[in-house]
Amino acid sequence: MTRYAPTPEEAEAQIQRAFRGDIAAAAERWTRRLDFDDDPFNESSEAPLEPLGVTRSGGHGGSRGPGERDATLETSEIPAEHITRSIVHDPIGDLDPTAAELVARQRRGVLEAGTRGLVKIAEGRSNALTDSEAFGLEAIVLLEGRPALLVQEDSFIVPQDSVWTEDLRRQRSSIELSLPKVGRVEVLHHPRYDWVGTAWLAGATTLLTNRHVANEFVDLSSSGEMVFRAPMSASVDFRQELTSVGKRDYQVVAVRGIHPDPNIDLAVLQIEPVSSRGHRLPDGLEIAAQPPADLLNRKVYVIGYPAFDSRNGFHAMREIFRDIYNVKRLQPGEIDAEERNRPVIHHDCSTLGGNSGSPVIDLETHQVLGLHFGGRFRQGNLALALWRLQDDPIFQGTDVRFV
């Protein structure tokens, strides 16, 4: 399969942004990592890129999830031909020794090429980048510059010697308060999927997600009421972490609203306050009533459940993620832009299908700035700028908190 490599100009722009201009330090870090570990891709190795000691067996392998919403679509409906089932392949730890060694060698080769590319950019020789070096640079961006960190037990491992180390270490306790407030939307008796996206608590029992997520299990009745499409029912599991045991799921009891404007990809759901297992809901996330003064390049993080999506051609991402999808991850990044003609912000967190409905959270205030609704690989991601919708009728009568 042919893999798409960015142009030298695209690769340099990605690296400059991901590493905030300090390319020489990034080149030095990656040179040390390659000297330190035979397989820096290995999430169970000593290389501090992901949590240590993670196993890859368990109940997530057969889970069927959604693809990412194409940001160029004008409506909230995704054509069926653009939606693929989520796939989880056998991870490297389950391969026979010969195959595992081959995969590790291939992965190391990608990073070695990327590190050579870092050195060239640091030396002002980006025009000399080869395709393999540009591809390796993209892998490095995804691993360190815009990582997707596994969440376990409502916590995460702060990557060491990384562009994000200081920020994530400083904000760790506040991030950990946000993690249990984001869950996976699961649907019983859906003809194609076991789950359809991400949702998060925005009030005592109020959830926000995307219109196109809710449309997977909600119909409009002849009387104009929003009802569950028979025989389906929905719940939200605030756990679904890699190696997690048990659920923390709450039944969706009502659809409070689906935005009538197809360009506002927003739905409001209500869940029960106590789960069938006796768990009580935490307080909801706060939504910013005003944007920060320095919105452009503002550091943010997304919490959600990235799923495999064959439309995106994620060759580097599939290698990096070890084909571990459908479980909760923390995805830091920055705000790229705010649109003036519609309530939309752009961000560069490493989202995939399944992140639909994820909150985009300010890394400093831990208030929600946006509701992620779609993206296109290598072209950026989109989120609703929620502060611009705070007076929208869809929120009337709810306990959604703008502060």
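Picking from I394, G374, L384, whose Cα lies most toward the positive end of the charge dipole for segment 362-402 (charges on Cβ: Lys, Arg +1; Asp, Glu -1)?
G374
Any lysines with Cα under 17 Å of the K328 Cα? List them, leaving off those in the same chain fewer than 8 positions away.
Of all the lysines, those that pass the test against K328 - Cα under 17 Å, at least 8 places apart if same chain - are K181, K247.
In whole Å, how far is the Cα centre of segment 125-185 from that of segment 248-269?
Each part reduced to its Cα centre gives a spacing of 29 Å.
From the C-alpha coordinates alone, can you work out the Kirkwood hydrodynamic radius of segment 175-275, in Å?
Working: mean 1/r = 0.0718 Å⁻¹.
The Cα-based Kirkwood calculation yields 13.9 Å.
Quick note: the coordinates plus some simple rules give every number you see, no bench work behind them. Because the structure is predicted, anything quoted here is derived from the model rather than measured. Neighbour counts run over all protein chains shown; Cβ positions are idealised from the backbone, glycine included.
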